[in-house]
Amino acid sequence: MNKSDLIKKISDRKDHLNEDDSDQTVNLILNLISKSLSNGDRVEIRNFGTFSIRSREQRISRNPKTGTSVLVNPKHHPYFRASKHLKESLNK
């Protein structure tokens, strides 16, 4: 399922929401999660999972094509951890 499928399913399930309302709602939620992560906060959605950021330290890596050493700058990447409830519901 991608974002447009999600928007369509939400608008189909709720009669009082049209596709534009669903689109705005999904975009608002995703933007709020992104802003929270960029501020260094974590986002926890009960019975679904937790979004957080992880830091990668500066390191020396190798270019696989040439074999030369390359300095990789420190960076942050998003991380999602599924809740126990979500894991159990998938394994039923």
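The values are calculated or read from the model by the stated rules, or taken from the named source; none is laboratory data. None of these values were measured; they are calculated from a predicted model. Cβ: placed from backbone, ideal geometry, glycine included. Neighbour counts: every protein chain shown.
A few points about this structure:
- For first residues located in the range 29-42 and farther than 24 Å from residue 7 by Cα, partners that are in a helix (DSSP H, G or I) and small (Gly, Ala, Ser) and lie 6+ apart or on another chain with Cβ distances below 8 Å form the pairs 42/36.
- Residues that are exposed (fewer than 10 other Cβ atoms within 10 Å of the Cβ) and assigned to a loop (DSSP other than H, G, I, E, B), drawn from the range 79-92: 91, 92
- Which numbered condition residue 1 fails, given (1) outside any helix (DSSP H, G or I); (2) at pLDDT below 95; (3) of a type in the set (A, V, I, L, M); (4) surrounded by 12 or more Cβ atoms within 10 Å (Cβ to Cβ): (4)
- Selected residue (criterion: farthest from residue 45 (Cα to Cα)) from residues of the range 4-35 that are surrounded by 13 or more Cβ atoms within 10 Å (Cβ to Cβ) and hydrophobic (A, V, I, L, M, F, W, C): 17
- Exclusive hit being at pLDDT below 95 and either in a helix (DSSP H, G or I) or of a type in the set (Val, Ile, Thr) (or both), set 36, 22: 22
- Residue satisfying all of: in the range 46-78; in a strand (DSSP E or B) and without any contact (Cβ under 8 Å) to a residue 12 or more places away in the chain; farthest from residue 29 (Cα to Cα) among these: 69
- Any hit, the range 42-52, residues being over 25 Å from residue 90 (Cα atoms), in contact with a strand residue (DSSP E or B) (Cβ under 8 Å, 6 or more places away or on another chain) and surrounded by 12 or more Cβ atoms within 10 Å (Cβ to Cβ): no
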